[in-house]
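Read through the structure below, which is laid out as C-alpha cells, and then see the notes.
The values are calculated or read from the model by the stated rules, or taken from the named source; none is laboratory data. Bear in mind that the values here come from a model prediction, so they are computed numbers and not experimental data. With ideal geometry, Cβ positions are generated from the backbone for all residues, glycine too; neighbour counts draw on all protein chains shown.
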Amino acid sequence: MSAQIIDGKMVAERTRNQIREDVDSWVEEGNRRPFLQVIQVGTDPASSTYIGAKTRACNDVGIETGTAHLPDTISAKELKKQIRKFNEDDNVDGILVQLPLPNHLSSHDVIESIDHRKDVDGFHPMNVGRLAVDQPTFRSCTPAGILELFKHYSIPTKSQHAVVVGASNIVGSPMAITLSRENSTGKATTTICHKYTKDITRHTIDADIIIVAAGQPGLIKAEMVKEGVVVIDVGINRVADETSKKGYKLVGDCDFEALKKKASWITPVPGGVGPMTVAMLMKNTLLAAKKSIYPED
Ligand code: BQF
C-alpha cells in the first residue's frame, strides 16, 4: 500500500482564494480592508522567513499588513507599551507577535498583553479557554489548518483514536483539545504523548490518526504505527544538505519514505501543514476585522 499525499499547498491556495473573495465582498460592502500588525523582536532568520510567508499571503488575499521591527534588547515594559498602542488603534484588526521571543522576555506575559479580540494567533488564554469549552474563538492556526485538511479530504475523526505527539501550547495542546471536544471536527479519543511519556510506541501503534509536533527529525518510524494510519507531520527541521543551494533542507518529525508505504494518508514537509497554518491566519484576521468572534454589541 502507498499513502495518498495530503497536498497542503493546494488546499491552502484554495482556502486563500475563498478568503480573497470574502475580503473583496467585505470591502465592497463599504468596510476598510483588514489590517494585520506583525511584531518581530530581533532578527532571527527563521522568523524573518515565516513573516515573509505571512506577508505574501496577506498580499495574495488583499489583507493589508505591516511589520514593526523591534530590537532584541527591548524590555518587556517597552514591548508591552508597543502592543498597547496597536490594541488601541482602531485601524489594526489583528496583532501577531512572532515567536520565539528572546529569552529575557516571557511569551506568556507578552501574549496576555495582546487584546484577545485582536489575537489572530489564538494564543491568548481567553481564546485557549474558549476553545476548551467549545465557545467561538480564534483557533490557533496550525490545529485549525489540520482540521481543514481533514475536512477537505473527508478524513473522519469521530470515534477515531488520535495520538498527538508533543504538548506545546501552540500546536499539540490545542490540537488535542480540538480533537477531543464534541464538535463537528472532534469526537476523537485523544492521547497526548510528550517528553515524559514512558513508551511512545505503546500509544502510536494503536493510533488511527497520529499528529506529530515534537521538533525531532526521524522521531516517528514505520515500526511505531499500524497499517492504514493517517500521519500529520507538523515538524519543520533544518538538516544539512550539500545538494541544495541554501545548504540545508526541511524535514518533518517522521520517516516519510518508510511511513508512506504503511499509511493511508500522509502530509509532506514542506508543503503539508505549513501552508495551511498561514492560510488560517488570514482567515482569523478577516474574522477579527468582521468582529465575528467578539461582536461589539
Ligand atoms: C511549507 C513555525 C516553528 C517555530 C515557529 C509554509 C510555513 C512553514 C512551512 C510558515 C512556523 C511554521 C511558522 C511551509 C509559520 C509554519 O511550505 O511547508 C509556511 O510560515 N509557518 C511561524 O510563524 O513560526 C514558527 C514553526
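Restricted to region 111-143, and to residues there that are of a type in the set (Ser, Thr, Tyr) and under 11 Å from the mean Cα position of the chain (by Cα), the residue that is nearest to the ligand (Cβ to nearest atom) is THR142.
Within region 105-116, the set of residues being touching a residue at least 24 places away in the same chain (Cβ under 8 Å) and surrounded by fewer than 16 Cβ atoms within 10 Å (Cβ to Cβ) comprises SER106, ASP109.
Among the residues making up region 196-219, a single one is farther than 14 Å from ASP255 by Cα and under 21 Å from the mean Cα position of the chain (by Cα): ILE209. Based on this model, can you work out whether LYS283 counts as touching a residue at least 60 places away in the same chain (Cβ under 8 Å), outside any strand (DSSP E or B) and more than 21 Å from ILE209 (Cα to Cα)? Here the answer is yes, as LYS283 does meet what is asked. Of ASP241, ASP255, all but one fail to be over 23 Å from VAL11 (Cβ atoms) and within 16 Å of the ligand (Cβ to nearest atom); the exception is ASP241. Within region 135-155, restricting attention to residues that are in contact with a helix residue (DSSP H, G or I) (Cβ under 9 Å, 6 or more places away or on another chain) and of a type in the set (Phe, Trp, Tyr), the residue that is farthest from TYR294 (Cα to Cα) is TYR153.
When region 180-203 is limited to residues that are out of contact with any His (no Cβ under 9 Å at 6 or more places or on another chain) and of a type in the set (Gly, Ala, Ser), the one that is surrounded by the most Cβ atoms within 10 Å (Cβ to Cβ) turns out to be SER180. From the list ALA288, ALA222, ALA240, the lone residue that is crowded, with 23+ Cβ neighbours inside 10 Å and either within 24 Å of the chain's Cα centre (by Cα) or farther than 27 Å from ASN127 by Cβ (or both) is ALA288. Against the list (1) within 15 Å of the ligand (Cβ to nearest atom); (2) under 23 Å from HIS161 (Cβ atoms); (3) under 17 Å from the mean Cα position of the chain (by Cα), the condition LEU281 fails is (2). The residue that is nearest to the ligand (Cβ to nearest atom), among those in region 24-42 that are over 21 Å from the mean Cα position of the chain (by Cα) and either part of a helix (DSSP H, G or I) or closer than 23 Å to LEU70 by Cα (or both), is GLY42. Among the candidates VAL92, VAL97, which residue alone is touching a residue at least 40 places away in the same chain (Cβ under 8 Å), surrounded by 12 or more Cβ atoms within 10 Å (Cβ to Cβ) and within 16 Å of the ligand (Cβ to nearest atom)? Matching residue, one of VAL92, VAL97: VAL97.
Of the residues examined, SER159 is one that is of a type outside the set (A, V, I, L, M, F, W, C) and either at pLDDT below 95 or farther than 27 Å from ARG14 by Cα (or both).
Do we find a residue being out of contact with any strand residue (DSSP E or B) (no Cβ under 7 Å at 6 or more places or on another chain), away from the ligand (no atom under 12 Å from the Cβ), under 23 Å from GLY274 (Cβ atoms) and assigned to a loop (DSSP other than H, G, I, E, B) anywhere in region 49-72? Among the residues of region 49-72, at least one is out of contact with any strand residue (DSSP E or B) (no Cβ under 7 Å at 6 or more places or on another chain), away from the ligand (no atom under 12 Å from the Cβ), under 23 Å from GLY274 (Cβ atoms) and assigned to a loop (DSSP other than H, G, I, E, B), which makes the answer yes. Would you tally the residues in region 187-223 being without any contact (Cβ under 8 Å) to a residue 60 or more places away in the chain and part of a loop (DSSP other than H, G, I, E, B)? Counting residues in region 187-223 that are without any contact (Cβ under 8 Å) to a residue 60 or more places away in the chain and part of a loop (DSSP other than H, G, I, E, B) gives 19.
Of the residues making up region 127-143, those that are surrounded by 19 or more Cβ atoms within 10 Å (Cβ to Cβ) and either modelled with pLDDT under 95 or not polar (S, T, N, Q) (or both) are VAL128, ARG130, LEU131, PHE138, ARG139, CYS141, PRO143.
The requirement of being under 30 Å from ASP93 (Cβ atoms), surrounded by 15 or more Cβ atoms within 10 Å (Cβ to Cβ) and modelled with pLDDT of 95 or more is not satisfied by LEU250. The residues on offer are ILE146, ILE177, and the sole one that is part of a helix (DSSP H, G or I), within 14 Å of the ligand (Cβ to nearest atom) and crowded, with 20+ Cβ neighbours inside 10 Å is ILE146.
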